[in-house]
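Just so it is clear, none of the values below were taken in a lab; they were calculated from the coordinates. Worth saying up front: this structure is predicted, and the values here are computed from it rather than measured. Neighbour counts run over all protein chains shown; Cβ positions are idealised from the backbone, glycine included.
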Amino acid sequence: MSQQDGNDSLWGGRFSEATDSFVQRFTASVSFDQRMAAQDIRGSLAHAAMLEASGVLTADEHQAIRDGLATVQQEIDAGTFPWSIEREDVHMNIEARLTALIGDAGKKLHTGRSRNDQVATDIRLYLRDAIDAIAAELTRLQRGLVELASTHAATVMPGFTHLQGAQPVTFGHHMLAWNEMLERDHGRLQDCRQRMNVCPLGAAALAGTTFPIDRAMTAAALEFDAPTRNSLDSVSDRDFAIEFSAFAALLITHLSRMSEELVLWTSAQFRFVELPDRFCTGSSIMPQKKNPDVPELVRGKTGRVNGHLMALLTLMKSQPLAYNKDNQEDKEPLFDAVDTVLDCLRAFADMVPHIQPRADVLRVAAAAGFATATDLADYLVRKGLPFRDAHEVVGNAVAAGVERNEDLADMPLELLQGFSDLIEEDVFSVLTVEGSVAARDHLGGTAPTQVAEAARQAAARLDAR
Ligand code: ARG
């Protein structure tokens with residue numbers, strides 16, 4: 001049945017009735033894949049240039065396609081492009097509009113390609129741009145952390161295990177721990193970018209094409225490192241989207257850990273840090289409240305990003321080769337993972353430089369709970385006592401401190417000497433929180449000199465990106 005008989009879709013030739021209107025809506029992706037329009041046009045320009053070079057299109061046809069696609073892009077930018085679900089997806093919307101604008105040359109653009117290699121190309125182009133934007137925000141956040149670390153290389157705070165005070169650390173050291181998590185996330189992001197940066201164009205529907213295409217030419221024009229090696233695989237696997245989502249899930253998991261600490265630290269019970277008012281909100285009923293909404297919301301966003309990873313893994317599971325319509329479901333989770341991660345990074349990158357640690361509160365908290373007990377044990381070991389015996393001596397001293405409600409550093413020397421005659425006047429230099437952190441003076445340790453140097457190196461790594 002011909003197009004005049006009521007089915008004017010791009011595949012109308014084979015069909016004898018129009019698509020059911022609900023099915024049309026159900027199967028359309030244009031409402032969400034139109035965000036890849038710029039990438040779709042870029043891919044078409046590369047494909048058309050290659051078709052001319054291969055002698056499939058004339059120079060005039062190629063020129064008409066270029067002009068037509070420029071008009072399409074202008075219409076999209078101006079918001080006047082006639083998007084229609086009758087054209088199902090971004091690819092067919094653009095092709096149909098191109099043909100309406102330039103006639104027969106528009107109908108030749110699809111020679112030697114399929115929407116299957118086209119969409120696989122578009123998503124990669126889109127994701128590559130997204131990855132670069134995310135990497136830039138991640139770097140901005142890391143710069144803020146490293147700056148904060150360098151300012152507070154010597155600001156002592158409690159270090160925790162089991163969320164119980166354990167040993168004093170410095171605030172800078174804590175910021176650099178966060179930075180390490182993000183440094184690995186950045187590495188994972190770059191790994192993902194590198195593996196996905198290959199060009200599926202030429203795979204066509206699944207088996208390749210009978211036209212004399214030049215796959216190296218389109219790959220180069222689109223700044224891919226190489227063409228993909230297998231046409232079946234090119235149009236079917238979305239592992240790169242899964243890999244990106246795995247990166248996103250880990251990143252947001254890290255951001256959720258930072259968020260959780262900020263939520264704790266800003267509470268009236270901790271008072272470790274102050275966040276500027278503009279990153280917080282109040283309560284409509286409790287006048288005293290200043291809520292850390294930004295970290296809370298970032299913590300909460302973890303659920304949806306982890307959900308997207310599960311959605312994409314499940315989407316791919318058991319799919320037979322090659323392309324299946326299931327894959328149209330890859331876009332919404334992927335796009336939302338991109339948007340969410342970008343927003344969360346932006347919020348954090350804006351906020352982090354304005355985190356103000358309260359040095360006085362942190363110092364008192366760092367000393368609480370016999371935080372320098374390990375230092376006393378190490379002191380006794382340096383004086384010749386085996387570590388297990390030293391552990392026991394200090395345990396007794398701590399028990400006395402609990403009884404007297406007094407920290408080790410505040411106990412009289414005679415009392416401490418009652419637990420071991422190895423203890424001398426010099427013990428007090430190891431019992432202070434400053435002495436405790438300064439003593440951990442090695443690569444990866446919390447001594448202020450080490451933290452300052454680690455911050456310098458971290459900044460240099462960021463500069464070298
Ligand atoms: N909208 C489709 C998608 O997102 C494009 C590819 C469709 N190909 C096909 N043969 N139905 O995957």
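Loop-resident chymotrypsin sites (Phe, Trp or Tyr not before Pro) (DSSP state other than H, G, I, E or B) in the range 11-116 with no more than 11 further Cβ atoms inside 10 Å of their Cβ: Trp11. Extension gain, Arg346 to Arg184, is 56.5 nm, computed as 0.36 nm per intervening residue step minus the present C-alpha separation. The residues neighbouring Val437, those whose beta-carbon lies less than 15 Å from its own, together hold a net charge of -3 under the Lys/Arg +1, Asp/Glu -1 convention. For the range 120-225, the square roots a ≥ b ≥ c of the C-alpha gyration tensor eigenvalues yield an a/c of 1.5 or more together with a/b exceeding b/c, which makes the shape prolate.
Rounded to the nearest Hz, the phi-derived 3J(HN,Hα) couplings of the range 207-214 under the Karplus curve 6.51 cos²θ - 1.76 cosθ + 1.60 (θ = phi - 60°) are 10, x, 9, 7, 7, x, 7, 10, where x marks glycine and proline.
Taking the C-alpha atoms only, the angle from helix 115-151 to the longest principal axis of the chain is near 20 degrees. For Ala166 and Glu425, a Förster radius of 25 Å and the Cβ-Cβ distance give a FRET efficiency of 0.40, rounded to the nearest 0.05.
Residues whose amide H comes within less than 5 Å of that of Gly159, counting only those at least five positions distant or on another chain, are Ala166, Gln167, Val169 (H built at 1.01 Å from N in the peptide plane). Principal-axis analysis of the Cα atoms of the chain puts helix 331-351 at an angle of about 40° to the longest axis. When the GluC sites (Glu not before Pro) in the range 201-285 are filtered for DSSP coil states and for at most 16 other beta-carbon atoms within 10 Å of their beta-carbon, the remaining sites are Glu223.
Close amide H pairs (under 5 Å, H built 1.01 Å from N) link Phe370 with Leu408, residues at least 5 positions away or on another chain. How tilted is helix 293-316 with respect to the longest principal axis of the chain? Cα atoms for both, answer in degrees (0 to 90, nearest 10). Taking the Cα atoms of the chain, the angle to 293-316 is about 50 degrees. With a Förster radius of 25 Å applied to the beta-carbon distance between Lys383 and Glu434, the computed FRET efficiency rounds to 0.75. By definition, a body whose alpha carbon gyration tensor gives a ≥ b ≥ c is prolate when a/c is 1.5 or more and a/b is larger than b/c, and the chain fits this prolate description. Assign one of three labels to the range 1-92, namely rounded, prolate or oblate, based on the Cα gyration tensor with a ≥ b ≥ c the square roots of its eigenvalues; rounded applies when a/c is under 1.5, prolate when it is not and a/b is larger than b/c, and oblate otherwise. The shape class here is oblate.
Here the contact order of the chain, divided by its residue count and restricted to Cα pairs under 8 Å and six or more residues apart, works out to 17 percent. A dipole drawn for the chain from +1 and -1 charges on Cβ atoms has a positive end, and of Val402, His62, His47 the residue lying farthest that way is His62. For the chain, lysine pairs separated by 8 or more sequence positions, or belonging to different chains, with Cα-Cα distances below 29 Å total 11.
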